[in-house]
Amino acid sequence: MTQQWWKQAVVYQIYPKSFMDSDGDGYGDINGIISKLDYLSDLGVDVLWLTPIYPSPEKDNGYDISDYYAINPRYGTLEQFKQLLAQVHQRNMKLIMDIVVNHTSTEHEWFKQAMSSVDNPYHDFYIWRDGSPETPPNNWLSKFAGSAWQYCAGVGKYYLHLFDVTQADLNWENPILRQEIYRMMRYWLELGVDGFRLDVINLISKQQSFADDTLLTPTADGRKFYTDGPRIHEYLHEMNHEVFALRDGLLTVGEMSSTTLESCVLYTNPACKELDMVFNFHHLKVDYVGGEKWSLGRFDFIQLKQLFNTWQSGMQAGGGWNALFWSNHDQPRALSRFGDPINYPYQSASMLATAIQLMQGTPYIYQGEEIGMTNPGFTHLEQYRDVEALNAARLLAERGHSEAEILAILQAKSRDNARTPMQWDDSLHAGFTTATPWIEVAANYPELNAKQVISRDNSIYQHYRKLSQLRKSSAAIVAGEYQIYFADDPQLYVYTRSLVNEVILVVNNFYGENCTFILPEALQTYSGVECLLNNYPELPENWRQFTLRPYQSVVLCLR
Ligand code: TEU
């Protein structure tokens, strides 16, 4: 195993709550995951990432952890988790855990102690500031709406919560807290997990001035005072030394909220000894009208390409490494957002997969993406579950939006879009559960389900398999230099990945109309060509100039 094995790997994200229910309670569970490991192994993925499965009151679906050392009984037992790990390893796959250390649930024992008295040693594990019951310490806003501060009458102070009021931010300035976190991470390593996905890890170091923000734009909400904060590199370096350095072959990926390219180079350049790779979200804001998530608008294709290009070129130049993704449990379904699930489900889903996976970085597939799952299009507010969606609905109503408008926005933007149960087959509740699922299954499951999709020759699932295989067979896809072409073209996203004599040319039509591709000047010197991947049956007749059909994606190897 090479040290940077994860450059050749494909990661699959499992949202356990919605993946597979084995015991008929309407929630997915560990045994459900075990029952689908062959499916995942056939797909050709190398690493599984599980979103949090620790005990939690589930105000934020497990991102509010109340015990870092146990498994939520809803998902199973520690014994079952060990079984899962063993079964994953038997299939030559790896498993990484989601670690949430910017905050804990207010039901965590630390917080209960912290609330009991200012003299309790755990009090300083959290971030407290003075303020009167009417006036919070500053005007920072929670990411889930409202003030980021909550008054606690018991100690006469406010605690900070960048997310839900039940998710209290931890005080990383406290070295004892930091050691507790590292100890907990070592515990999971000793159990045999292969790495970590670190939730909003770039928010853990706060500027200690706690100054007011301007609130003049949607992003002037306090984030500049804690995003990529003053001691973040020191903390990650310390975590690396205390935890990651103890075992070879780990994968560590940081979720970076509102980050910068410069910071991400430092997070992931191996010389800095911090993390292996990072998620950034800039490309997933190209449909935020005026920077506002809760708005409706088509995505800006030119801006999308600019962002890809900036991050690809910048991370390459700085020796950093990207995690490549369209989808996760916080994002609407990419096919509904960037493709055409009605007219070109296979073509647009496979084009999107190709476009993202062949850039420089490690690709991540979110459960259901490989079968072309879509937003469910819920028609009633009662169908939504997510705290963020429910808060947004309240806020939009206060701003005067009608219920129909609010529904239209949630249908496009809610995180619940990605959280509906995995569609396994056409039986009741899509084969996910025999009980009533915790959130409704998308109505299109009788036609759109894994069983159906896998049985087809040219399926989205098969396309994902081919992409995994391609990655294993091409050094240029893993390590080649990225170069964009026709950056201003309104329809095509074209790039190459080159390594020594191997040049991989990736041509993607992002729209439902035909368009013409002409080989760029700089590539005219190549005389040989092999088609590695194409989501239409016909090969281009003349590879120096050809017509792309709707959402066509062609991958050529030039020699
Ligand atoms: O998400 C971090 C985060 O800020 C966003 O992805 C957030 O969901 C989005 O901006 C809302 O518009 C992580 C987790 O992935 C998410 O599920 C958690 O709710 C959040 O942290 C808090 O732990």
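The values are calculated or read from the model by the stated rules, or taken from the named source; none is laboratory data. Just so it is clear, the model here is predicted, and its values are computed rather than measured. Neighbour counts run over all protein chains shown; Cβ positions are idealised from the backbone, glycine included. SASA here: full protein model, heavy atoms, side chains in, ligands and nucleic acids out. Shrake-Rupley method; radii C 1.70, N 1.55, O 1.52, S 1.80 Å.
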* Structure fact -> In degrees rounded to 10, the 0-90 angle between helix 345-357 Cα long axis and the longest Cα principal axis of the chain is 70
* Asked: What is the Cα centroid distance between the range 493-559 and the range 103-137, reported in whole angstrom?
  -> 58
* Asked: In debye to the nearest 20, how big a dipole does the range 89-146 give about its Cα centre with +1 on each Lys and Arg Cβ and -1 on each Asp and Glu Cβ?
  -> 460
* Considering only the chain, what is the antiparallel percent among its DSSP beta bridges, to the nearest 5? -> 60
* Measuring with a 1.4 Å probe in the full set of protein chains, what accessible area per residue, in whole Å², belongs to the range 160-240? -> 34
* Structure fact -> Sorted on mean Cβ neighbours within 10 Å (highest first), peptides 178-184, 260-266 come out as 260-266, 178-184
* To do: Rank-order 205-215, 357-367, 22-32 by packing density, defined as the average count of other C-beta atoms within 10 Å over each peptide's residues, highest first.
  => 357-367, 22-32, 205-215
* Please report how far the C-alpha centroid of the range 371-421 lies from that of the range 202-237, rounded to the nearest whole angstrom. => 29
* Sparse-neighbour loop sites [GluC sites (Glu not before Pro); the range 477-546; at most 14 other C-beta within 10 Å; DSSP] -> E513, E538, E541
* Asked: With all protein chains present and a 1.4 Å probe, how do H282, H237 order by accessible area, largest first?
  -> H237, H282
* Taking amide H positions as placed in the peptide plane 1.01 Å from N, state which residues far from H103 in sequence (5 or more) or on other chains have amide H under 5 Å from it. => L170
* Residue-level accessible surface for F486, protein heavy atoms, 1.4 Å, Å² -> 90
* Asked: In terms of solvent-accessible area of protein heavy atoms at a 1.4 angstrom probe, what is the ranking of M315, M115, highest value first?
  -> M115, M315
* Report the net charge of residues surrounding F510, where surrounding means a beta-carbon distance below 13 angstrom and charges are Lys +1, Arg +1, Asp -1, Glu -1. => 0
* Structure fact -> Scoring only Lys, Arg, Asp and Glu (+1, +1, -1, -1) among other residues with Cβ under 14 Å from the Cβ of Y27 yields -2
* Using alpha-carbon coordinates, inclination of helix 78-90 to the longest axis of the chain, degrees -> 20
* **For H463, solvent-accessible area (1.4 Å; no DNA, RNA or ligand), Å²** => 0
* Asked: Counting Lys and Arg as +1 and Asp and Glu as -1, what is the net charge of the other residues whose Cβ lies under 13 Å from the Cβ of A397?
  -> -1
* Taking Cα pairs under 8 Å and at least six residues apart, what relative contact order does the range 82-154 come out at, in percent? -> 16
* **Backbone HN-Hα couplings from phi across the range 40-45 [Karplus 6.51/-1.76/1.60, Hz, Gly and Pro as x]** => 6, 5, 5, 5, x, 8
* Using the Karplus equation 6.51 cos²θ - 1.76 cosθ + 1.60 (θ = phi - 60°), what ³J(HN,Hα) coupling, rounded to whole Hz, does each residue of the range 461-473 give in order, writing x for Gly and Pro? -> 4, 4, 5, 4, 4, 4, 4, 4, 5, 4, 4, 6, 9
* Dipole magnitude (debye, nearest 20) for the range 276-368, charges at Cβ of Lys, Arg, Asp, Glu -> 100
* Asked: Roughly to the nearest percent, how much of the accessible area of the chain is carbon and sulfur, given a 1.4 Å probe?
  -> 50
* To do: Please calculate the 1.4 Å probe accessible area of V286, with all protein chains present, and give it to the nearest 10 Å².
  => 10
* **For K157, residues with placed amide H under 5 Å, excluding near neighbours** => C152
* What is the gain in length, in nm to one decimal, between M184 and K82 on full extension, counting 0.36 nm per residue of separation less the C-alpha to C-alpha distance? -> 35.1 nm
* Point-charge dipole on Cβ atoms (K/R +1, D/E -1) for the range 432-527, about Cα centre, debye to 20 -> 560
